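Here's the structure we're looking at; comments come further down.
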Amino acid sequence: MKEDRYQHITDKALLEKFYADKDNQWLGILMQRYTMLLLGVCMKYLKNEDDARDSVQQVFLKAINELHKYRVDYFKSWIYMVAKNHCLMKLRDKQGKTPVLLDEQTIAVQDEPLSQQAHLDKDRMLDAMSAAIAELNEEQQQCVTLFYLEKKSYSQIADITGFSMMQVKSYIQNGKRNLKIAVERITKQQ
Amino acid sequence: MNKDLLNILLNSNKDIDNQQLMDYLAGKLSEEEKHAVEMQLAENDFMSDAVEGLEIVKNKRDINVFVDQLNRDLHKKLFRKKSKKQRRKAVQQRWTFAAIILILVLLLAAWLMIVKYQRLRHG
């Protein structure tokens, strides 16, 4: 099956084609777009190459069965959720812990951009962002500014600040999350 | 700068480019290209988790080998499933065909009996 021929077709369109004629070839094209990412996600959680490969196969199998049974609208978020839940269940079986499983709605909400942004005018949004950045702790502020405004890569930021790459990633991710919370609060106050 | 400030909280739906990802993991990208990939990582949990996991793979060249194997297995699964479906469809079609033949035979038999009965009455 040649993937390149279908590059111009979106995930949604491929799913529509599959739901129209139930031909598995559309699922093949769609799923193999995500093989590498799924392998990475399974590696992140399971930390073992063989387990990760087995898990990707099981995720594929589960996806094939479920896509035949019900309709999925956002394939990328859905397959990520299936893989993450599979790994969490596998870890639970190993460690005897009950994981908090994600559902499609949770993932969809996580994927949504800040909803209020669209309704706010640019100037108010800029004021809110400036105020929110000032509220971040020093490390997050430094990493967020270098990354988003000065367009430095993680490794450059690590060199400039002396933080490890992991710390840089974490300060940027947490900084972004805190910014979102602060902007929502500030815009509500306005 | 103002535009960049506003972009911080936007989420991206950019397409995933496996080759770019592999080049990123192999450290082959320029600082500018690295930043572009990292912007996607910061906006996309799926991709960010994946890169974190792929970084653990000892030999990065294995990643493409694993992906090719997984894709081959995927196609086998899909093809097997398709064959089962086709076999089921073929069995259904055979039964439909047999039912049509049976109905035609019964109709023919009924017609012959009617003709024979009419001949007996008139003759």
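The values are calculated or read from the model by the stated rules, or taken from the named source; none is laboratory data. Treat the numbers as computed from the prediction; the structure is a model and nothing was measured. Backbone-built Cβ (ideal geometry, glycine too); neighbour counts: all protein chains shown. The protein model used for the area step is the full one, side chains on, heavy atoms only, and it has no ligands, DNA or RNA in it. Shrake-Rupley method; radii C 1.70, N 1.55, O 1.52, S 1.80 Å.
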Note to self: Using protein chains only and a probe of 1.4 angstrom, how many square angstrom of residue B:68 are accessible, to the nearest 10?
What the structure shows: 90
Next item on the list: With r as the distance between the Cβ atoms of residue B:86 and residue A:170 and R0 = 51 Å, compute the FRET efficiency 1/(1 + (r/R0)^6) and round to 0.05.
Entry: 0.50
Item checked: For chain B: rounded, prolate or oblate by the Cα gyration tensor [a/c cutoff 1.5] -> prolate
Item checked: Principal-axis tilt of helix B:60-122 within chain B, Cα atoms, nearest 10 degrees -> 10
Check: Top mean-square fluctuation among B:40, B:93, B:69, Gaussian network model of chain B, C-alpha springs under 10 Å?
Finding: B:93
Check: Simple spin-label model, 7 Å along Cα-to-Cβ: residue A:93 to residue A:66 in nm?
Finding: 1.6
Item checked: Distance between modelled label sites at residue B:101 and residue A:22, nm, 7 Å Cα→Cβ extension -> 2.6
Next item on the list: Among the listed pairs A:62/B:89; A:17/A:169; A:76/A:176, give every one whose C-alpha distance is greater than 27 Å.
Entry: A:17/A:169
Notebook entry, point to check: Quick one: helix B:45-54 against the long Cα principal axis of chain B, what's the angle to the nearest 10°, folded into 0 to 90?
Noted result: 80
Next item on the list: Please find the FRET efficiency linking residue B:58 to residue B:19, where r is the Cβ-Cβ separation and R0 is fixed at 22 Å, and quote it to the nearest 0.05.
Entry: 0.60
Next item on the list: Once you have all Cα-Cα distances for the protein assembly as shown, histogram them in 10 Å bins from zero and send the whole-percent values.
Entry: 5, 21, 26, 21, 11, 5, 4, 3, 3, 2, 1, 0
Note to self: On a full-extension model of 0.36 nm per residue, what is the gain between residue B:33 and residue B:79, subtracting their alpha-carbon distance, rounded to one decimal in nm?
What the structure shows: 12.7 nm
Check: One-quarter of the Cα convex hull surface for region A:128-170, in nm²?
Finding: 2.8
Notebook entry, point to check: For chain B, modelled as a GNM with alpha-carbon contacts under 10 angstrom, which of B:102, B:74, B:41 fluctuates the most?
Noted result: B:102
Check: What aspartates and glutamates sit close enough to residue A:47 to cross-link, taking a C-alpha to C-alpha distance under 19 Å and skipping anything fewer than 8 places away on the same chain?
Finding: A:93, B:45, B:49, B:52, B:55, B:62
Check: What are the ³J(HN,Hα) values, in whole Hz, obtained from phi via the Karplus relation 6.51 cos²θ - 1.76 cosθ + 1.60 with θ = phi - 60°, for each residue of region A:25-38 in sequence order, with x given for Gly and Pro?
Finding: 4, 5, 5, x, 5, 5, 5, 6, 5, 10, 4, 5, 5, 5
Note to self: Checking the cross-link filter: which aspartates and glutamates have an alpha carbon closer than 19 Å to that of residue A:94, excluding same-chain neighbours under 8 positions apart?
What the structure shows: A:49, A:50, A:51, A:54
Note to self: Spelling out what I want: for every residue of region B:32-43, take phi, set θ = phi - 60°, compute 6.51 cos²θ - 1.76 cosθ + 1.60 (Karplus), and round to whole Hz; glycine and proline get x.
What the structure shows: 5, 5, 4, 4, 5, 5, 5, 5, 5, 4, 5, 9
Check: If you plug each phi of region A:152-161 into the Karplus form 6.51 cos²θ - 1.76 cosθ + 1.60 with θ = phi - 60°, what whole-Hz ³J(HN,Hα) values come out, in order, with x for Gly and Pro?
Finding: 8, 7, 4, 5, 5, 5, 4, 5, 5, 8
